[in-house]
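Below you'll find the structure I mean.
The values are calculated or read from the model by the stated rules, or taken from the named source; none is laboratory data. These numbers come from a predicted model, not from an experiment. Please note: Cβ atoms are built from the backbone with ideal geometry, for glycine as well, and neighbour counts cover all protein chains shown. Side chains included, ligands, DNA and RNA excluded: accessible areas come from the protein's heavy atoms. Shrake-Rupley method; radii C 1.70, N 1.55, O 1.52, S 1.80 Å.
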Amino acid sequence: MIKRQRVLADFGEFALHSDDLDEVLCEACRLVGEALGTGRAKILEIQDNGQWLIVRAGVGWDPGIVGRLRLPMGEHSSETFAVRQGKPVITQDISKEERFELPAFMKQAGVVALVNVPIRVPGGRAYGLLQVDATEPRAFAEEDTEFLRTYATILGPVIDRLLRVSSQHLTEERFRLVVRERARLCDLHHRS
């Protein structure tokens, strides 16, 4: 319990000092993978109006997965179910799972058990999922899912803040480019 509280505090402190969303999400995955002893976790971000999930951040995955792999939000996936229901979904042993289909890349990576926890930003909009994966059958206990729910609840406002910071930086850069172009055009006009 103390280790998990330390993880939450460490993550909170890290998130306060960074404006880089990818850096914060990677650290979140690293810390949660360590806290649950799986060494493997990822954050899936909803894209294209709920059509796709992209593996936005992760630890314990082969190169080419994080930042690149996109999954359709299909009817029979635990990821889609967790997002739509707004609550954690646990699979203790995929060989016995009948509710959902597991993505091929996870089977190839040896994932045997997993837990999905939705991440919501302020206002209740779903951002995506925090997913912890294990390579052996695992009974994720209630304290595991409650820890992950707390973690996801902290992640939501952090993600929202960082998306706003990123948007603000883009707006400021666009403004600078417009001002620079107008100054260049004025200078050209005055020379002629």
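Might you let me know whether segment 74-95 holds any residue that is at positive phi and touching a helix residue (DSSP H, G or I) at 6+ places or on another chain (Cβ under 8 Å)?
Within segment 74-95, not a single residue is at positive phi and touching a helix residue (DSSP H, G or I) at 6+ places or on another chain (Cβ under 8 Å).
Then there is this: Tell me whether segment 115-126 contains one or more residues that are open to solvent by 20 Å² or more (accessible area, probe 1.4 Å), of a type in the set (S, T, N, Q), within 24 Å of PRO63 (Cα to Cα) and modelled with pLDDT of 90 or more.
Scanning segment 115-126 turns up no residue that is open to solvent by 20 Å² or more (accessible area, probe 1.4 Å), of a type in the set (S, T, N, Q), within 24 Å of PRO63 (Cα to Cα) and modelled with pLDDT of 90 or more.
Condition check: modelled with pLDDT of 90 or more and more than 21 Å from LEU25 (Cα to Cα). Does THR150 satisfy that?
no
Is at least one residue of segment 91-113 under 24 Å from ILE159 (Cα atoms) and either in contact (Cβ under 8 Å) with a residue 12 or more places away in the chain or open to solvent by 50 Å² or more (accessible area, probe 1.4 Å) (or both)?
No - not one qualifying residue is present in segment 91-113.
Okay, next question. Just to check your reading of the model, which residue among LEU170, LEU162 is open to solvent by 80 Å² or more (accessible area, probe 1.4 Å), assigned to a helix (DSSP H, G or I), at pLDDT below 95 and more than 30 Å from HIS76 (Cα to Cα)?
After applying the criteria, what remains is LEU170.
Can you pull out every residue in segment 24-82 that is among the charged types (D, E, K, R) and closer than 19 Å to ARG120 by Cα?
The answer is GLU27, LYS42, GLU45, ASP48, ARG56, GLU79.
Kindly indicate the residue of segment 29-58 that is open to solvent by 30 Å² or more (accessible area, probe 1.4 Å) and closer than 26 Å to MET1 by Cβ and also farthest from the chain's Cα centre (by Cα) among those meeting that condition.
Looking at the filtered set, the residue picked out is GLY37.
Suppose the filter is in contact with a Cys (Cβ under 6 Å, 6 or more places away or on another chain) and closer than 19 Å to THR145 by Cβ; does ALA35 pass it?
Taking the combined requirement at face value, the residue does not satisfy it.
Continuing with this model, one more query. So, ILE65, is that one touching a residue at least 24 places away in the same chain (Cβ under 8 Å), hydrophobic (A, V, I, L, M, F, W, C) and part of a loop (DSSP other than H, G, I, E, B) or not?
Against the criterion (touching a residue at least 24 places away in the same chain (Cβ under 8 Å), hydrophobic (A, V, I, L, M, F, W, C) and part of a loop (DSSP other than H, G, I, E, B)), ILE65 qualifies.
So which pairs qualify, if the first residue must be in segment 11-22 and without any contact (Cβ under 8 Å) to a residue 24 or more places away in the chain, the second must be in a loop (DSSP other than H, G, I, E, B) and surrounded by 13 or more Cβ atoms within 10 Å (Cβ to Cβ), the Cβ gap must be under 7 Å, and the two must be at least 6 apart or on different chains?
none
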